[in-house]
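A.B. asks: My questions all concern the structure below.
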Amino acid sequence: MGQQVLGLLGWSGSGKTHLLTRLLPVFIARGLTVSTIKHAHHGFDLDQPGKDSYQHRAAGAREVLIASGKRWALMHELDGPEPELHDLLGHLSPCDLVLVEGFKASRHPKIEVFRTGQDRPPFWPDRPDVVAVATDAPDLACDRPVLDVNDAEAIVDWALSFLRDFPQ
């Protein structure tokens, strides 16, 4: 399949992370290697004050790589604009699929997570990058495929079919 990118888009509280964590094991069970990229809207910190790696960063290190027998993480301090999604994709190891949460401005294909009762308008009417809508409203009047937000298997079926036909 080659590395494909598929995003989840939705308002805060719509259930993007919940859906992503239900889709991941289904994609993996189907034999795909999957990585994720999550956009954070505010400054965030993986480190804790008092830890050695935190002190390295606080002292001015541009990058701090933390490694153990179970995982490694690279933190990179920015002094310029926020990186674009395509730049971040280059930092990932090869995989079959990258699921992206957030990055609304990027043009990669996205499934909108839209729930009734959100009191916010859907994104899809004005967004050609929204290729389907995962919702709890099966009768949603939409010109895109409407997927049951509670049926991870069906969403993965649709996504795999879409990704086979969508050149990236």
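A.B. asks: Go through the stretch 64-77 and report how many residues are closer than 16 Å to residue 92 by Cβ and surrounded by fewer than 10 Cβ atoms within 10 Å (Cβ to Cβ).
C.D. replies: Going through the stretch 64-77 one residue at a time, the tally reaches 2.
A.B. asks: Quick one: is residue 100 in contact (Cβ under 8 Å) with a residue 24 or more places away in the chain and part of a strand (DSSP E or B)?
C.D. replies: Details: in contact (Cβ under 8 Å) with a residue 24 or more places away in the chain: yes; part of a strand (DSSP E or B): yes.
In short, yes.
A.B. asks: Could you figure out which of (1) in contact with a strand residue (DSSP E or B) (Cβ under 8 Å, 6 or more places away or on another chain); (2) outside any loop (DSSP other than H, G, I, E, B); (3) modelled with pLDDT under 95 isn't true of residue 86?
C.D. replies: With respect to (1) in contact with a strand residue (DSSP E or B) (Cβ under 8 Å, 6 or more places away or on another chain); (2) outside any loop (DSSP other than H, G, I, E, B); (3) modelled with pLDDT under 95, residue 86 is out only on (1).
A.B. asks: Separate question: If only one of 58, 105, 152, 73 is hydrophobic (A, V, I, L, M, F, W, C) and over 24 Å from residue 6 (Cα atoms), which one is it?
C.D. replies: 58 is the lone residue from the list that is hydrophobic (A, V, I, L, M, F, W, C) and over 24 Å from residue 6 (Cα atoms).
A.B. asks: Let me ask something else about it. Are there any pairs with C-beta distances below 7 angstrom linking a residue in the stretch 46-61 that is under 13 Å from residue 77 (Cα atoms) to a residue that is exposed (fewer than 11 other Cβ atoms within 10 Å of the Cβ) and polar (S, T, N, Q), with the two at least 6 apart or on different chains, and if so which?
C.D. replies: So the pair list comes out as 54/48.
A.B. asks: Of everything in the stretch 106-129, what is surrounded by fewer than 21 Cβ atoms within 10 Å (Cβ to Cβ) and not in a loop (DSSP other than H, G, I, E, B)? Give them in sequence order.
C.D. replies: Result: 125, 126.
A.B. asks: Taking residue 61 as meeting all but one of (1) surrounded by fewer than 12 Cβ atoms within 10 Å (Cβ to Cβ); (2) of a type in the set (A, V, I, L, M); (3) part of a loop (DSSP other than H, G, I, E, B), write down the number of the exception.
C.D. replies: Result: residue 61 fails condition (1) only.
A.B. asks: Taking residue 20 as the residue in question, decide whether it is modelled with pLDDT of 95 or more and either part of a helix (DSSP H, G or I) or under 24 Å from residue 138 (Cβ atoms) (or both).
C.D. replies: yes
A.B. asks: A further question on this structure: Tell me which of these residue 78 doesn't satisfy, since it passes every other one: (1) more than 20 Å from the chain's Cα centre (by Cα); (2) more than 23 Å from residue 107 (Cβ to Cβ); (3) among the hydrophobic types (A, V, I, L, M, F, W, C).
C.D. replies: Every listed condition holds for residue 78 apart from (2).
A.B. asks: Any chance the stretch 21-43 includes a residue that's surrounded by fewer than 16 Cβ atoms within 10 Å (Cβ to Cβ) and charged (D, E, K, R)?
C.D. replies: Checking the stretch 21-43: at least one residue is surrounded by fewer than 16 Cβ atoms within 10 Å (Cβ to Cβ) and charged (D, E, K, R).
The values are calculated or read from the model by the stated rules, or taken from the named source; none is laboratory data. Not measured: the values here are computed from a predicted model. Quick reminder, even Gly has a Cβ in these numbers, built from the backbone with ideal geometry, and neighbours come from all protein chains shown.
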